[in-house]
Amino acid sequence: MRFSDDEHRQWFNSQPRKPMSAAVLFQDTAQRVLLLKPTYRDNWSLPGGVVNEHESPLDGAVREVKEELSLSIDRSNLLLSAVDYRPARGDLVDKLYFYFYGGVLSNQKISSIILQSEEIEEMRFVTVDEAKILLSKWTLRQVSVSLQQSGKSGVYLERGELVEGQR
């Protein structure tokens, strides 16, 4: 049986939806990672956040960097480093996380950052060892994989771990 365009559209729009987040990993010239301390939770994070409805993960990453850091970045300069699927657990729905590598920020770019005071308390460039203390275990795994992938093609993760067969 063949569906009409309207029937296909209706079927397609009835499919499950998954929330998405997008984050950008930036480094300074000393290869340290930029982390942000949100006002609304204990752990630090990368610049980024929830992808809005009808917004691509890439556009969401660009928007969040603009909102949180007042930095305008060119979407063509972001490289996908990882996509992570987190399955549902307890009362949390399953979710997709997109991680983009934003490259090394110049001292001039860093000095132009203005934090969004409603959501961000502090920013800090840290080594991976320092990040182990500030990040949740989950985010640390995603940051580690993203650092390994910087400048390479992206990888697919589940629960923060490479899926068998991925490099």
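The values are calculated or read from the model by the stated rules, or taken from the named source; none is laboratory data. Computed from a prediction, not measured in an experiment: that's the story for all the values here. Ideal geometry is used to build each Cβ from the backbone, glycine not excepted, and the neighbour counts take in all protein chains shown.
The number of residues in the stretch 101-123 that are out of contact with any strand residue (DSSP E or B) (no Cβ under 8 Å at 6 or more places or on another chain) and in a loop (DSSP other than H, G, I, E, B) comes to 6.
Scanning the stretch 2-37 for residues that are modelled with pLDDT under 95, assigned to a loop (DSSP other than H, G, I, E, B) and among the charged types (D, E, K, R) returns 2, 17, 18.
Looking only at the stretch 131-156, residues that are touching a residue at least 60 places away in the same chain (Cβ under 8 Å) and surrounded by 15 or more Cβ atoms within 10 Å (Cβ to Cβ) come to 13 in all. With respect to the stated conditions, residue 68 is under 27 Å from residue 17 (Cα atoms), in a helix (DSSP H, G or I) and in contact with an Asp or Glu (Cβ under 8 Å, 6 or more places away or on another chain).
So which residues in the stretch 9-29 are charged (D, E, K, R) and over 17 Å from residue 54 (Cβ atoms), if there are any at all? If the condition is that a residue be charged (D, E, K, R) and over 17 Å from residue 54 (Cβ atoms), then 28 is the only one that fits.
Among the residues of the stretch 46-56, how many are modelled with pLDDT under 95 and under 13 Å from the mean Cα position of the chain (by Cα)? Counting residues in the stretch 46-56 that are modelled with pLDDT under 95 and under 13 Å from the mean Cα position of the chain (by Cα) gives 1. Look at residue 76 and say whether it is out of contact with any helix residue (DSSP H, G or I) (no Cβ under 9 Å at 6 or more places or on another chain), surrounded by fewer than 17 Cβ atoms within 10 Å (Cβ to Cβ) and modelled with pLDDT of 95 or more. When the stated conditions are applied, residue 76 does not pass them. Within the option set 36, 58, 71, 92, being among the aliphatic types (A, V, I, L, M) and in contact (Cβ under 8 Å) with a residue 60 or more places away in the chain holds for one residue only, 36. Within the stretch 81-116, restricting attention to residues that are more than 23 Å from residue 146 (Cβ to Cβ) and either under 17 Å from the mean Cα position of the chain (by Cα) or at pLDDT below 95 (or both), the residue that is surrounded by the most Cβ atoms within 10 Å (Cβ to Cβ) is 93.
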